[in-house]
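Structure, as structure tokens:
The values are calculated or read from the model by the stated rules, or taken from the named source; none is laboratory data. The model shown is predicted, which means the values in this text are computed figures rather than measured ones. For neighbour counting, all protein chains shown are included, and Cβ atoms are generated from backbone atoms with ideal geometry for every residue, glycine included. Protein only, heavy atoms only, side chains kept; ligands, DNA and RNA dropped before computing areas. Shrake-Rupley method; radii C 1.70, N 1.55, O 1.52, S 1.80 Å.
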Amino acid sequence: MADFLYKGVVDWFLDQMAKEAIAPGDKMPSLRALSKQLELSLNTIIHGYELLTADGWIESRPKSGYFVCHRSNIKPALVLGGEGLRYLENDDAKSAWSCLAHRGALVDQSDAFLSPPARQEEVDLPVLGKGHLAVREVVSDYLKSLGIKSHASHLWLGRSPLTMLTQSVQSITQHGDTVLVITPCDPRLTTTLQSLGRRVIALAAGERGVDLDLVISCLRDETISLIVLPGQFAFPMGQMVSNLSLRRWLAIIEETKLPAIEWDMCSHLAHRAGPVMTYKSLDQSGHIIYIGGVESKGVDRSASWCLAGRHQALLEGAFLAADMALSNAQQVALSDVLQPNSKRSLTRRSRQVWANSERIKAHLESRLGDTVSFAASKGGLSLWMRLSIPLQASDMTVLLASFRHAIIPGSLVNHDPDANHWLAINVTLDNIEPLADKLAELLAVQQHKQDQAVHSVEQASTELEPEFEPEPETMEQIEQEADFELEAEPEIAEPVEPDEESLEQEAETAETEEVEIIDEPQEGVEEDLLDSEEADLSETNLESTEVSEVEEDIIDIESLDESSDSKPDELNEKATSDLTAKSTEEVDIGEMAKQQENKEDKKQRDASSDPLYNPMLDLINHDFG
């Protein structure tokens, strides 16, 4: 039992979804009916429906009630705008034939839509000209709901919108002229232009429209004679053009004064009720030729209308020559579907199409899983589905052989490099299960082939891995080269250390000199002493100079260490340690020599019988009496 009573409504809904008692697209029970069924108050049921609406499970439609939505667990496919212009190759009528073969996938699959009345009191005779005035007034009232200001006298009615497009293109442009088309769009637009000998430039639109900077540069660099604009919720993406984009396009058209054609076959198929604006709604100068209509797969189950704008006089003769007027029965059926309260109205049909699209999307996701994703759609007749693995040409041929009336390959709709990943699916199909099963089979085979290819590549890479491993000899060579580079760096010059043999020889020479001094006669002892004192002073000076030179060498080496940052630290430490050791050894040698000389002086004084004269003693005796 739920904590709160209104949460019991949510639990009941989730339980019904688990039992598949209700499915996406189904209509929810009315508030009062569910209140009686669950024995809850009306306010509690309303609160529960509000929770479900906030979570995206259901949505409310004015004058219709609540409907179950499809809550997708797959991330929507991202549709990006084109980064450049694409010049389509003219392959004569080949592409036009392929598009006509897919006409069933571009129109409503319902048999009851635009069907003539059961009883006809008069013979079905063709009507020449624009059509009956009463029917044109009904069409004019419908266009006013789209924000298009029109008069019944300016409207042309016809059997086929494609015929109106062909006559308009032939009347406004000439063979070889360049036409700018916004894609992805109804493939009949580009193929008709190509079959008429026009040079087509395609500019891809994304979820947020087209890059208008590319449009301006194209109009500046190319000689554009006509612009073709798909309308709201156009095939295949079903995107809604924002009011800002509409105004910017109108500003460009009015500035360049170029004629434009708006192809609007899906503005009545919005998933949510609300005001919808078109390019023609903002056209005050009459540069845009507006072609709209409704199409069905049955014979004589289509109707179209056209507002020529400032090109009225130019197109009248072409439309009359085409003999495309509707019969009486067709005009009655058209008038019936445009009535808002009719059982066959476009408003009611749009709700049915939306509910069916939710069912189809839910079934495809459950059957195909993560291998597919869908572009976010706001309306229209199709789902723009992206395949994670593109189908091969042979697989696509097999698929089209059975489902040509239900799907259109992305290569006919989109002209980007990833066009093979996309597939347009008609959402008015009554049974989607055969198509889903065939797609699952083909995608499984394709996935298996891809897995085998990946496995073979990995196996080949593992076999080639030992060949790329470095050999031990090459590694040793690299280490030897590194050691050689370290040895090749300049070393700090070290002072030459005196040998022990030289020190011993110096000591022996000093002893021999002492012996000679002792053996000399005592005459001139004072002079010898003075000479010895001078020698001592000179030796001490030499020792001090040697120590100072060693210190200067140490200072120079330290400055060399600071300036040479690139030298290795080991060499610097070794040099400084050697120098300090050398300096200490030289100081020790100097002290030993000094002590030896002091001993020699003592020996000389002991050997002499006369005391040495010291003038300081005279001063001391004189001062102290």
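May I ask you to list the residues in the range 172-201 that are small (Gly, Ala, Ser) and either farther than 17 Å from residue 224 by Cβ or in contact with a Pro (Cβ under 9 Å, 6 or more places away or on another chain) (or both)? Step through it out loud before you land on a result.
Taking the range 172-201 and keeping what is small (Gly, Ala, Ser), we get 176, 195, 197.
The answer is 195, and nothing else.
Within the range 29-64, which residues are of a type in the set (D, E, K, R) and within 15 Å of residue 4 (Cβ to Cβ)? Before the answer, list the steps.
Filtering the range 29-64 down to residues of a type in the set (D, E, K, R) leaves 32, 36, 39, 50, 55, 59, 61, 63.
50, the sole residue that qualifies.
Can we say residue 267 is assigned to a helix (DSSP H, G or I) and modelled with pLDDT under 95? Step through it out loud before you land on a result.
Working: assigned to a helix (DSSP H, G or I): no; modelled with pLDDT under 95: yes.
For residue 267, the condition - assigned to a helix (DSSP H, G or I) and modelled with pLDDT under 95 - is not met.
Go through the residues of the range 358-373 one by one and say whether even a single one is outside any helix (DSSP H, G or I) and not charged (D, E, K, R).
Applying the first criterion (outside any helix (DSSP H, G or I)) to the range 358-373 yields 372-373.
Still in the running and not charged (D, E, K, R): 372-373.
Yes, the range 358-373 contains a residue that is outside any helix (DSSP H, G or I) and not charged (D, E, K, R).
Okay, residues lined up against (1) open to solvent by less than 80 Å² (accessible area, probe 1.4 Å); (2) more than 40 Å from the chain's Cα centre (by Cα):
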| residue | (1), (2) |
| --- | --- |
| 27 | no, no |
| 31 | yes, yes |
| 47 | yes, yes |
| 51 | yes, no |
| 54 | no, no |
| 63 | no, yes |
| 74 | yes, no |
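Filtering the range 204-216 down to residues that are within 19 Å of the chain's Cα centre (by Cα) and surrounded by fewer than 21 Cβ atoms within 10 Å (Cβ to Cβ), which residue is farthest from residue 241 (Cα to Cα)? Break it down into steps so the answer makes sense when it comes.
If we filter the range 204-216 for residues that are within 19 Å of the chain's Cα centre (by Cα), which is where we start, we get 204-211.
Retained after the next criterion (residues that are surrounded by fewer than 21 Cβ atoms within 10 Å (Cβ to Cβ)): 206-211.
Values: 206: 11, 207: 9, 208: 8, 209: 7, 210: 10, 211: 13 Å.
The selected residue is 211.
Does any residue of the range 88-96 turn out to be under 27 Å from residue 373 (Cα atoms), out of contact with any strand residue (DSSP E or B) (no Cβ under 9 Å at 6 or more places or on another chain) and open to solvent by 50 Å² or more (accessible area, probe 1.4 Å)? Write out each step before concluding.
First, pick out the residues of the range 88-96 that are under 27 Å from residue 373 (Cα atoms): none.
No, the range 88-96 has no match at all.
How do the pairs read when you match residues in the range 150-169 that are without any contact (Cβ under 8 Å) to a residue 24 or more places away in the chain with residues anywhere that are part of a strand (DSSP E or B) and among the acidic types (Asp, Glu), using Cβ under 6 Å and keeping only pairs 6 or more apart or on different chains?
none
So which of 226, 214, 258 is in contact with a Pro (Cβ under 7 Å, 6 or more places away or on another chain) and more than 22 Å from residue 381 (Cα to Cα)?
Details: 214 fails: in contact with a Pro (Cβ under 7 Å, 6 or more places away or on another chain); 258 fails: in contact with a Pro (Cβ under 7 Å, 6 or more places away or on another chain).
Just one listed residue meets the conditions, 226.
Criterion first (touching a residue at least 40 places away in the same chain (Cβ under 8 Å), of a type in the set (S, T, N, Q), part of a strand (DSSP E or B) and within 22 Å of residue 240 (Cα to Cα)) does residue 377 satisfy it? Show your work before the answer.
On the way: touching a residue at least 40 places away in the same chain (Cβ under 8 Å): yes; of a type in the set (S, T, N, Q): yes; part of a strand (DSSP E or B): no; within 22 Å of residue 240 (Cα to Cα): yes.
Taking the combined requirement at face value, the residue does not satisfy it.
If you go through the range 287-332, how many residues are over 16 Å from residue 167 (Cα atoms), open to solvent by less than 10 Å² (accessible area, probe 1.4 Å) and assigned to a helix (DSSP H, G or I)?
Of the residues in that region, 1 qualify.
Mind listing just one residue for me: the one in the range 151-171 that is out of contact with any Asp or Glu (no Cβ under 7 Å at 6 or more places or on another chain) and surrounded by fewer than 20 Cβ atoms within 10 Å (Cβ to Cβ) and, of those, nearest to residue 106 (Cα to Cα)?
160
Go through the range 240-251 and report how many residues are surrounded by fewer than 16 Cβ atoms within 10 Å (Cβ to Cβ) and in a helix (DSSP H, G or I). So that I can check it myself, show each step before the final result.
First pass over the range 240-251, keeping only residues surrounded by fewer than 16 Cβ atoms within 10 Å (Cβ to Cβ): 242-244, 247-248, 251.
Going one step further and asking which of them are in a helix (DSSP H, G or I), we end up with 243-244, 247-248, 251.
Number of matching residues: 5.
So, in the range 378-415, how many residues would count as being polar (S, T, N, Q) and either farther than 26 Å from residue 233 by Cα or out of contact with any Ser or Thr (no Cβ under 9 Å at 6 or more places or on another chain) (or both)?
Residues in the range 378-415 being polar (S, T, N, Q) and either farther than 26 Å from residue 233 by Cα or out of contact with any Ser or Thr (no Cβ under 9 Å at 6 or more places or on another chain) (or both): 5 in total.
If I ask for residues that are open to solvent by 30 Å² or more (accessible area, probe 1.4 Å), out of contact with any Phe, Trp or Tyr (no Cβ under 9 Å at 6 or more places or on another chain) and either of a type in the set (A, V, I, L, M, F, W, C) or touching a residue at least 60 places away in the same chain (Cβ under 8 Å) (or both), which ones from the range 357-374 would you list? Steps first, please.
The first filter runs over the range 357-374 and keeps only residues open to solvent by 30 Å² or more (accessible area, probe 1.4 Å), leaving 359, 361, 363, 366-367, 370-371.
Subsequent filtering for residues that are out of contact with any Phe, Trp or Tyr (no Cβ under 9 Å at 6 or more places or on another chain) retains 359, 363, 366-367, 370-371.
Hits for the range 357-374 are 359, 363, 367, 370, 371.
Within the group 308, 303, 329, 318, which residue is among the small types (Gly, Ala, Ser) and over 21 Å from residue 151 (Cα atoms)?
329
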